[in-house]
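Inspection log for the structure reproduced underneath, given as structure tokens.
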Amino acid sequence: MAKTLFDKVWDAHVVKSLEGGIDVLYIDRHLIHEVTSPQAFSELESRGLELFRKDQMVATPDHNVPTKDQHLPIQEELSKHQVDTLLANCARHNVTLYGLGHPFQGIVHVIGPELGITLPGRTMVCGDSHTSTHGAFGAIAFGIGTSQVAQVMASQCLLQSKPKTMRITIDGELNKGVYAKDIILYIISKLTAAGGTGYFVEYAGSAIRSLSMEARMTICNMSIEMGARGGMIAPDETTFEYVKGREFSPKGAEWDKAMEYWNTLYSDEGATFDKEYNFPAADIEPMITYGTNPGMGIKITANIPDRLAEAGEESFQKSLKYMGFEAGESLLGKPIDYVFIGSCTNSRIEDLRIVADYVKGKRKAENVNAMIVPGSKQVEKQAKAEGIDKVLAEAGFELREPGCSACLGMNEDKVPAGSYCVSTSNRNFEGRQGPGARTLLASPLVAAVTAIEGKIVDISKHLN
Amino acid sequence: MEKFNKVVSTAVPMPIEDIDTDQIIPARFLKATSRDGFGDNLFRDWRYVQGNQPKPDFVLNDSTYSGEILVAGKNFGCGSSREHAAWALYDYGFKVVVSSFFADIFKGNALNNGLLPVQVSEAFLKELLAAIKANPSTEITVDLPAQTISFDEKSESFEVNSYKKECLLNGYDDIDFLVSIKDEIEEYEASSMVI
């Protein structure tokens with residue numbers, strides 16, 4: 001029977017099926033960070049259990065870490081305690097840890113792929129909803145809660161109902177100035193913030209195939225923003241080329257064996273999905289969000305809608321009031337106070353290159369505070385090797401050290417109440433970047449242009 | 001995990017859609033290394049103005065409404081996977097959340113902590129919210145063995161996975177089960193083709 005990519009990978013990981021449609025799903029790799037793991041370690045210890053497969057775990061601190069002076073002790077007491085707890089737990093249980101200062105440290109979803117931990121056909125979990133990122137390699141990867149972190153620690157398995165499948169196909173050539181972030185914001189604006197709930201998504205079509213691995217990760221990363229547990233893209237030459245030669249990717253005979261399995265990872269001709277969507281690439285333009293969930297996105301040149309079919313009037317108005325916008329108005333010309341380039345969505349080397357290419361020889365607007373936070377130490381190192389740090393500094397951007405930073409404002413990097421921030425991150429929820437902060441999600445290019453212009457503009461007029 | 005059987009209580013209405021876990025518990029309150037005390041910061045930024053002044057117009061600060069049941073708009077719990085959201089609701093005193101639609105990860109987290117997500121139809125949710133507004137002392141019964149939610153003369157059945165239902169009724173959790181099948185997991189590992 002014709003099978004989907006998702007079904008192939010899922011079925012290869014079912015240890016056994018229980019009554020009531022629940023499968024015992026084996027997890028190949030488990031990534032942990034400081035925020036959602038401490039209670040899981042405590043849970044395990046309180047039951048007198050050991051880690052079942054410690055060698056299939058990797059830890060790094062990212063959510064809480066400062067993005068300045070990482071060589072100094074963490075100033076904020078609670079953050080320091082949480083990071084120290086991760087260090088102590090990993091030392092006690094002998095888990096591989098890339099702590100602050102380690103050349104492999106970074107945002108957990110950036111380091112997994114760049115170290116070759118993320119591989120096609122694997123199952124991967126992390127106590128973080130953006131684990132969906134790793135699906136870009138044809139892995140089944142999804143975010144879990146802390147109780148489940150403890151379950152994986154204890155058994156390397158999870159009890160899961162198999163989600164329904166959805167395929168989103170985008171064919172055609174992408175317009176100038178359109179990047180992966182625009183594609184995913186466009187999709188979420190069409191499907192809404194709840195449109196993917198209960199589904200696992202496969203992204204397909206010629207426009208998707210044409211993307212780099214970095215771009216594919218951006219798309220899969222935000223699958224959760226439409227409610228989907230994860231998104232995946234069938235591995236191809238682009239994938240294998242990226243994976244080859246990385247720190248932990250298979251070598252020699254192991255590689256050949258892996259390729260045999262990986263070459264089977266695609267949706268068979270005639271495989272059926274529970275839901276299918278098709279969008280023409282030509283319809284996608286540079287996007288921006290105006291509201292307080294990622295489904296509230298528009299073409300940057302479009303007006304805010306008068307109402308939303310999927311939302312009640314009360315929720316829609318509450319959202320606009322928070323943002324200080326009016327229904328039906330254009331965002332063009334709105335002044336912006338902050339630009340944040342970073343997060344597990346858009347902090348990879350390719351994102352930094354897009355920004356550097358645009359801002360080279362230009363200077364940011366006086367009214368804008370522009371912060372750029374690389375996704376990992378490796379990205380930071382590469383950026384410096386390419387001279388990107390200098391280009392950014394000359395344009396008035398501050399290149400920080402790696403971490404989640406102002407995406408969720410757990411550390412000092414926050415946007416003040418009432419201020420507007422064009423951000424390459426993934427969530428525009430109320431207060432996400434700091435209490436009262438107003439977030440507009442966009443691509444690295446839109447963020448770069450906004451920083452230079454100091455306001456929201458039709459970026460097509462600023463591209464050569 | 002505490003056992004769950006039946007809850008009979010008044011309810012707190014929150015007719016807002018897409019309530020995300022950043023609202024339920026903002027990220028800056030996730031720095032604890034234990035599960036305790038998150039209820040103090042439940043809905044922190046909706047509940048308090050900066051500092052510690054309660055916002056009088058927020059429903060948790062309105063003494064008209066109280067109870068162990070939260071009734072919210074559709075797509076409740078979207079966003080971050082933070083289980084702290086379920087802990088905060090439970091720690092505050094909620095045993096049940098009623099909505100017409102739940103985000104997946106939140107739903108799983110709630111069930112793993114003895115907090116029952118009850119998904120009802122849009123029409124039922126509307127009637128329920130109207131009844132609570134009209135009479136805040138409306139008593140609602142959530143019966144897990146029967147899988148029904150009822151108030152006044154109205155009732156609707158809700159779905160819950162049969163395995164999860166057993167866990168809730170008995171206070172079991174998944175770790176107990178998974179640890180008990182270790183031999184089968186090892187057998188799987190020996191036969192897996194995955195690199």
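FYI, it's all coordinate maths here, none of it is from the lab. Quick caveat: nothing in here was measured; it's all calculated off a predicted structure. Quick reminder, even Gly has a Cβ in these numbers, built from the backbone with ideal geometry, and neighbours come from all protein chains shown.
Some points to look at:
- Ordering B:170-181, B:152-163 by mean Cβ neighbour count within 10 Å, with the highest value first, yields B:170-181, B:152-163.
- In chain A, helices alone account for a calculated mean residue ellipticity at 222 nm of -8500 deg cm²/dmol, with every DSSP H run of four or more residues adding -39,500 (n - 2.57).
- Global geometry of region A:388-464, whether rounded, prolate or oblate, following the gyration tensor of its Cα atoms and the 1.5 cut on a/c: oblate
- Rg over Rh, two decimals, region A:115-185 (C-alpha only, Kirkwood Rh): 1.07
- Among the listed pairs A:Lys3/A:Lys54; B:Lys3/B:Lys133; A:Lys364/A:Lys461; A:Lys181/A:Lys384; A:Lys164/A:Lys257, those whose Cα-Cα separation exceeds 26 Å are A:Lys3/A:Lys54; B:Lys3/B:Lys133; A:Lys164/A:Lys257.
- Cα gyration tensor category, rounded, prolate or oblate, for the protein assembly as shown with a/c compared to 1.5: rounded
- Volume of the Cα convex hull of region A:356-410, divided per residue and given in Å³: 77 Å³
- Each of A:Thr133, A:Thr292, A:Thr218, A:Thr272 has some number of other Cβ atoms within 10 Å of its Cβ, and from fewest to most they run A:Thr272, A:Thr292, A:Thr218, A:Thr133.
- For peptide B:23-29, the mean count of partner chain Cβ atoms within 10 Å of a residue's Cβ comes to 6.
- Theoretical FRET efficiency, 1/(1+(r/R0)^6), r = Cβ-Cβ of A:Glu260 and B:Ser137, R0 60 Å, to 0.05: 0.35
- At an R0 of 51 angstrom, the distance between the Cβ atoms of A:Ala393 and A:Ala253 translates into a FRET efficiency of 0.65.
- Exposure proxy order (Cβ contacts within 10 Å, fewest to most) of A:Met217, A:Met410, A:Met371: A:Met371, A:Met410, A:Met217
- Comparing Cα centroids, region A:194-246 and region A:388-407 end up 26 angstrom apart.
- Spin-label pair A:Glu412-A:Ser330: with each label point 7 Å from Cα along the Cα-Cβ axis, the two points sit 4.1 nm from one another.
- By the helix-only formula, in which each DSSP H run with n ≥ 4 contributes -39500 (n - 2.57) and the sum is divided by residues, chain B has a 222 nm mean residue ellipticity of -9000 deg cm²/dmol.
- Residues of region A:289-311 with amide N under 19 Å of the 7 Å Cα→Cβ point at B:Glu122: A:295-296, A:306-311
- Dipole moment magnitude, nearest 20 debye, the protein assembly as shown about Cα centre, only Lys, Arg, Asp, Glu C-beta charged: 1200 debye
- Considering only beta bridges that DSSP places wholly inside chain A, some 25 percent are antiparallel.
- Counting, for every residue in B:187-194, the Cβ atoms of other protein chains within 10 Å of its Cβ and taking the mean gives 5.
- Region B:17-49-region A:1-48 distance, computed between alpha-carbon centres (Å): 27 Å
- Taking region B:140-195 and dividing mean pair separation by its residue count, relative contact order in percent (alpha carbons under 8 Å, at least six apart): 19 percent
- Compactness check for region A:286-457: Cα Rg over 2.2 N^0.38 Å is 1.00.
- Exposure proxy shown here: for A:Ser343, A:Ser206, the number of other Cβ atoms within 10 Å sets the order, fewest to most, as A:Ser206, A:Ser343.
- For region A:368-407, the set of GluC sites (Glu not before Pro) satisfying both a DSSP loop assignment and a count of at most 16 other C-beta atoms within 10 Å is given as A:Glu386.
- Cut-off under 5 Å, modelled amide H: who pairs with A:Ala370 long-range: A:Val339, A:Glu398
- Relative to the compact-globule estimate of 2.2 N^0.38 Å, the Cα radius of gyration of region A:162-221 comes out at 1.11.
- Dividing the alpha-carbon radius of gyration of region A:5-277 by the rule-of-thumb value 2.2 N^0.38 Å gives 1.01.
- Tensor-based shape of region B:14-173 (alpha-carbon gyration tensor, a/c under 1.5 rounded, otherwise prolate or oblate): oblate
- Inter-label distance, nm, simple model (7 Å from Cα along the C-beta direction), B:Glu184/B:Asn52: 5.1 nm
- 5 angstrom amide H check on B:Glu139, placed H, neighbours 5+ away: B:Asp152
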